[in-house]
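Have a look at the structure below before the remarks.
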Amino acid sequence: MMTFGEANGAVIDASMLDMIQREKDLALSAREWEFRLAGMGYAIKAMRGKQVLTKLPQGTVVGILPENLH
């Protein structure tokens with residue numbers, strides 16, 4: 001089971017992290033991975049040296065991605 005990521009009190013649950021990891025494994029590049037996530041309504045943003053998962057289109061922070069997903 002994967003660990004949880006937090007940002008501003010928001011938690012990325014294990015099933016979401018598993019989906020993000022699965023999409024990363026299927027992608028051929030970091031750019032394709034971000035494109036695949038965008039197709040599902042998510043984006044990755046850099047904030048204070050961390051990678052943060054956000055919900056499109058508002059940019060609402062979902063949580064900080066764990067180091068293994070960078």
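The values are calculated or read from the model by the stated rules, or taken from the named source; none is laboratory data. Computed from a predicted model, the values in this text were never measured in an experiment. Glycine also receives a Cβ, built like all others from the backbone with ideal geometry; neighbour counts cover every protein chain displayed.
Data table
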read-out	value
First in the range 13-35 and more than 14 Å from L53 (Cβ to Cβ), second anywhere and aromatic (F, W, Y) and surrounded by 13 or more Cβ atoms within 10 Å (Cβ to Cβ), Cβ under 6 Å, 6 or more apart	A27/W33
Output for the range 41-59, where each listed residue is surrounded by fewer than 11 Cβ atoms within 10 Å (Cβ to Cβ) and either touching a strand residue (DSSP E or B) at 6+ places or on another chain (Cβ under 8 Å) or at pLDDT 90 or above (or both)	G41, A46, P57, Q58, G59
